[in-house]
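The values are calculated or read from the model by the stated rules, or taken from the named source; none is laboratory data. Fair warning: this is a prediction, and the values are worked out from it, not measured in the lab. For neighbour counting, all protein chains shown are included, and Cβ atoms are generated from backbone atoms with ideal geometry for every residue, glycine included. Side chains included, ligands, DNA and RNA excluded: accessible areas come from the protein's heavy atoms. Shrake-Rupley method; radii C 1.70, N 1.55, O 1.52, S 1.80 Å.
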Amino acid sequence: MSLINEAGPQFATSVLTIDLGAVKSNYRLLAERAGKAVCAAVVKANGYGLGAEPVAQALTEAGCTTFFVATLDEAVALRAAQPQSIIYYLNGLMPGETDACAEYRISPVLNDPGQLDRWAGFRFEKQVPPAALQIDTGLSRLGFTPYEATELAATPERFKNVALDLILSHLACADAPDHPLNAQQRDAFAATSAALPIATRSLAASSGIFLGPAWHFDMVRAGAALYGVTPNRDKPNPMTQVVHLQAKILQIRDVDTPQTVGYGATRRFTGPTKVATVAAGYADGLPRSLGNEGTAYIGEIAAPVIGRVSMDLITLDISNIPDAKPGDMVDLIGPLNDPDMDAEAAGTIGYEILTRLGRRYRRRYIETAA
Ligand SMILES: *Cc1c(COP(=O)(O)O)cnc(C)c1O
């Protein structure tokens, strides 16, 4: 294990450790699963909360050459760290964005006919960056409708100044392999994209990779699974965990009935209990819904969250851990409570657990050998 970088508040009482070696091995696994398709990486929302720059650097070292972000700002920021990579941004070419795409060699995803015309009408001084076209095959969110895309196919002159190199669509239910929409969207994508100019075709994100080769087309776009989130909620998680979040015990007290703990007095003690107050709360990204639901660990021993999650603190029942003391670190995300398990307790998904991770942690980037 080697330490790559460490940064954050000087007196931080919580530490977020991000294993870039695990990101690399996840990339290799996904690339292998994708077979002949190219594996691109999605590093939007600051690399799912883990740091777009260090994550992209690690992925580049693992062989990734193509990145997706959500917004033009994210793309421009990534360009500074990734001078060579291909960078697409998914949210679409909004008015006023074309100059920056040209300047920073950023490829927009064109999501409607107006965006295509805006791109086609721009006078590029240098080379035109390639652009992608998105087709909405059932998510009803972004992209050309199949009707718009078919109409477009009949008027090829509209592509004249567009260096279209990628056609993509996005699956709605890929984490539920038996859902009928998976095959419907695949067939709609195959049919609609076949009528458009020849380009790389991409449909699958993390979960879609595990649906099988019929969903892979020419490129897959892996996001969450790179960061350890399970691609299929009903099966064992094949990904390696990337994130370890630890926070310090600030104080320990012994309490007994009829006392309660936390705001709203939502938890009443039924007998002698040892309570640890720990330095992380909803301002650090812990969902408030973990109150009376979440589980932290000290070593391998579970310490349930009791009472509500406060802004800066949580309280744990450590009655089973008599030798715990102030200054000890507890695992808020770790081997026994990974982001998916935390998400389950909080009524959300691993994606949200990661992208909410706060700014008060000391962030340590390490690289374990694969
Ligand atoms: C976020 C996103 C991805 C990545 O999805 P994961 O489920 O995180 O792998 C791929 N494509 C599009 C269009 C996205 O919005």
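Report yes if A174 is buried (at least 23 other Cβ atoms within 10 Å of the Cβ), within 15 Å of the ligand (Cβ to nearest atom) and not charged (D, E, K, R), otherwise no.
Answer is yes for this residue.
Just to be sure I understand, how many residues within the range 207-233 are of a type outside the set (K, R), within 11 Å of the ligand (Cβ to nearest atom) and within 20 Å of D136 (Cβ to Cβ)?
Within the range 207-233, residues that are of a type outside the set (K, R), within 11 Å of the ligand (Cβ to nearest atom) and within 20 Å of D136 (Cβ to Cβ) number 5.
Against the definition (open to solvent by less than 20 Å² (accessible area, probe 1.4 Å) and at pLDDT 95 or above), how does A279 come out, yes or no?
Criteria met by A279.
Which ranges mark the helices (runs of 4 or more DSSP H) fully within the range 66-125 that have 1 or more residues being without any contact (Cβ under 8 Å) to a residue 60 or more places away in the chain and of a type in the set (F, W, Y)?
98-104, 113-120
Can you find, within the range 257-276, the residue that is nearest to G208 (Cα to Cα) among those that are open to solvent by 60 Å² or more (accessible area, probe 1.4 Å) and without any contact (Cβ under 8 Å) to a residue 24 or more places away in the chain?
R268
Looking at D312, is it outside the structural domain of V55 (by TED's automatic domain parsing), not aliphatic (A, V, I, L, M) and not in a loop (DSSP other than H, G, I, E, B)?
It is false that D312 is outside the structural domain of V55 (by TED's automatic domain parsing), not aliphatic (A, V, I, L, M) and not in a loop (DSSP other than H, G, I, E, B).
Quick check on the range 13-23. Is at least one of its residues on the phi > 0 side of the Ramachandran plot, outside any helix (DSSP H, G or I), in contact (Cβ under 8 Å) with a residue 60 or more places away in the chain and away from the ligand (no atom under 13 Å from the Cβ)?
no
Which of the numbered conditions does P339 fail, given that it passes all the others? Conditions: (1) within 16 Å of the ligand (Cβ to nearest atom); (2) open to solvent by 30 Å² or more (accessible area, probe 1.4 Å).
That leaves (2) as the condition not met.
For the range 239-256, name all the residues that are over 17 Å from F269 (Cβ atoms) and open to solvent by 60 Å² or more (accessible area, probe 1.4 Å).
Those that are over 17 Å from F269 (Cβ atoms) and open to solvent by 60 Å² or more (accessible area, probe 1.4 Å): T240, K248, L250.
List the number of the failed condition for A56; all other conditions in (1) among the aliphatic types (A, V, I, L, M); (2) more than 16 Å from S202 (Cβ to Cβ); (3) more than 16 Å from the chain's Cα centre (by Cα) hold.
Just one mismatch for A56, condition (3).
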